[in-house]
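This report refers to the structure that appears directly beneath it.
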Amino acid sequence: MSEKSWSDTERFDNKAAEWDANAVRAALADGVARAIIAHMPVSKPANALEFGCGTGLVTTRIAPHCARLTAVDSSSEMLRMLGEKIAAGNIANIEPLHLDFSRPEKAAGLERDYDFVYSSMTLHHIPDTASFLRELVAHLSPGGTLAIADLDAEDGLFHDDATEKVHHGFDRAVLKTLLESAGFAGVSFMTAHVIEKKNREGNLKSYPVFLVTALKPKA
């Protein structure tokens with residue numbers, strides 16, 4: 001991955017057209033979407049936000065459960081693929097937004113308060129986790145829900161490109177502390193999916209993906 005950017009927009013732009021064809025990725029999206037739906041707020045979110053939406057593999061599954069969904073990504077090509085799905089499915093409640101989510105200061109451009117914020121496999125691409133979580137809580141309405149799916153701490157061999165600038169997953173206890181320090185409460189973890197794949201050394205390994213949920217206190 002580029003030494004200048006953790007999100008490496010050009011790389012994701014180049015992979016957008018073939019993104020959905022990956023069976024492992026499709027299974028991951030299905031597992032994560034099911035877990036998120038099962039842990040969504042009881043009342044239908046009026047204004048939801050997804051950061052790192054990609055081509056919308058998870059987005060299109062979550063959208064029917066929200067009144068309005070803003071889908072953010074730093075890759076214009078990923079958003080173009082999502083736009084094609086929106087047009088083909090005549091989906092009225094998804095609003096794509098081009099924004100570099102790897103830079104916490106860019107989140108200041110989000111003008112609304114959201115009652116539900118979620119993501120899948122995006123947090124490990126953001127360099128300053130603590131700052132980003134503080135930015136997210138600032139854009140959640142009091143009582144709003146956060147749901148993040150990402151890798152448990154892994155051996156550093158999950159990504160095929162050894163030069164990628166990413167976190168090698170997250171220790172659940174450490175991430176819980178970061179979330180609470182950012183102002184979230186009621187932090188809870190579950191295993192949403194397990195990725196079975198050959199790692200960079202060619203060995204078949206299991207990589208668990210957690211779903212962490214948390215709330216912004218009402219007062």
Extreme residue, nearest to Ser120 (Cα to Cα), among residues of the stretch 67-96 that are of a type in the set (A, V, I, L, M, F, W, C) and surrounded by fewer than 16 Cβ atoms within 10 Å (Cβ to Cβ) = Ala67
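Test Leu99 against the criterion of being open to solvent by 10 Å² or more (accessible area, probe 1.4 Å), touching a Lys or Arg at 6+ places or on another chain (Cβ under 9 Å), under 23 Å from Ser141 (Cα atoms) and touching a residue at least 24 places away in the same chain (Cβ under 8 Å), and give yes or no.
Working: open to solvent by 10 Å² or more (accessible area, probe 1.4 Å): yes; touching a Lys or Arg at 6+ places or on another chain (Cβ under 9 Å): yes; under 23 Å from Ser141 (Cα atoms): yes; touching a residue at least 24 places away in the same chain (Cβ under 8 Å): yes.
Criteria met by Leu99.
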request  = Give the residues of the stretch 122-159 that are within 12 Å of Ile36 (Cβ to Cβ) and open to solvent by 10 Å² or more (accessible area, probe 1.4 Å), sorted by residue number.
outcome  = Thr145
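Let me confirm something: among Lys205, Lys176, which residue is among the charged types (D, E, K, R) and either crowded, with 19+ Cβ neighbours inside 10 Å or part of a strand (DSSP E or B) (or both)? Step through it out loud before you land on a result.
Numbers: Lys176 fails: either crowded, with 19+ Cβ neighbours inside 10 Å or part of a strand (DSSP E or B) (or both).
So the residue among Lys205, Lys176 that is among the charged types (D, E, K, R) and either crowded, with 19+ Cβ neighbours inside 10 Å or part of a strand (DSSP E or B) (or both) is Lys205.
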Total residues in the stretch 39-66, condition open to solvent by less than 10 Å² (accessible area, probe 1.4 Å) and touching a Lys or Arg at 6+ places or on another chain (Cβ under 6 Å) = 1
ask   = Does at least one position in the stretch 21-32 carry a residue that is in contact (Cβ under 8 Å) with a residue 60 or more places away in the chain and more than 14 Å from the chain's Cα centre (by Cα)?
value = yes
task = Would you be able to say whether some residue in the stretch 48-66 is under 19 Å from Ser141 (Cα atoms), aromatic (Phe, Trp, Tyr) and touching a residue at least 60 places away in the same chain (Cβ under 8 Å)?
result = yes
query = List, please: which pairs have Cβ atoms under 8 Å, are six or more places apart or on different chains, and start with a residue in the stretch 165-177 that is in contact (Cβ under 8 Å) with a residue 24 or more places away in the chain and end with one that is of a type in the set (Val, Ile, Thr) and outside any loop (DSSP other than H, G, I, E, B)?
reply = His167/Thr129; Phe170/Thr129; Arg172/Val212; Leu175/Thr129; Leu175/Val212; Lys176/Val187; Lys176/Val212
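Out of Ala35, Ala27, which single residue is open to solvent by less than 30 Å² (accessible area, probe 1.4 Å), modelled with pLDDT of 90 or more and touching a His at 6+ places or on another chain (Cβ under 9 Å)?
On the way: Ala27 fails: open to solvent by less than 30 Å² (accessible area, probe 1.4 Å).
The match here is Ala35.
Among residues belonging to the stretch 160-172 that are acidic (Asp, Glu) and more than 15 Å from Lys198 (Cβ to Cβ), point out the one that is surrounded by the fewest Cβ atoms within 10 Å (Cβ to Cβ). Let's see the steps before the verdict.
Narrowing the stretch 160-172 to residues acidic (Asp, Glu): 160-161, 164, 171.
Narrowing further to those that are more than 15 Å from Lys198 (Cβ to Cβ): 164, 171.
Values: Glu164: 16, Asp171: 10.
Ranking the candidates gives Asp171 first.
Please work out if Val187 is touching a strand residue (DSSP E or B) at 6+ places or on another chain (Cβ under 6 Å), more than 24 Å from Ser74 (Cβ to Cβ) and either surrounded by fewer than 17 Cβ atoms within 10 Å (Cβ to Cβ) or not basic (Lys, Arg) (or both).
Values: touching a strand residue (DSSP E or B) at 6+ places or on another chain (Cβ under 6 Å): yes; more than 24 Å from Ser74 (Cβ to Cβ): yes; either surrounded by fewer than 17 Cβ atoms within 10 Å (Cβ to Cβ) or not basic (Lys, Arg) (or both): yes.
So Val187 fits the description; yes.
The values are calculated or read from the model by the stated rules, or taken from the named source; none is laboratory data. Not measured: the values here are computed from a predicted model. Glycine also receives a Cβ, built like all others from the backbone with ideal geometry; neighbour counts cover every protein chain displayed. Note: accessible area is taken over every heavy atom of the protein model, side chains too, but ligands, DNA and RNA are not part of it. Shrake-Rupley method; radii C 1.70, N 1.55, O 1.52, S 1.80 Å.
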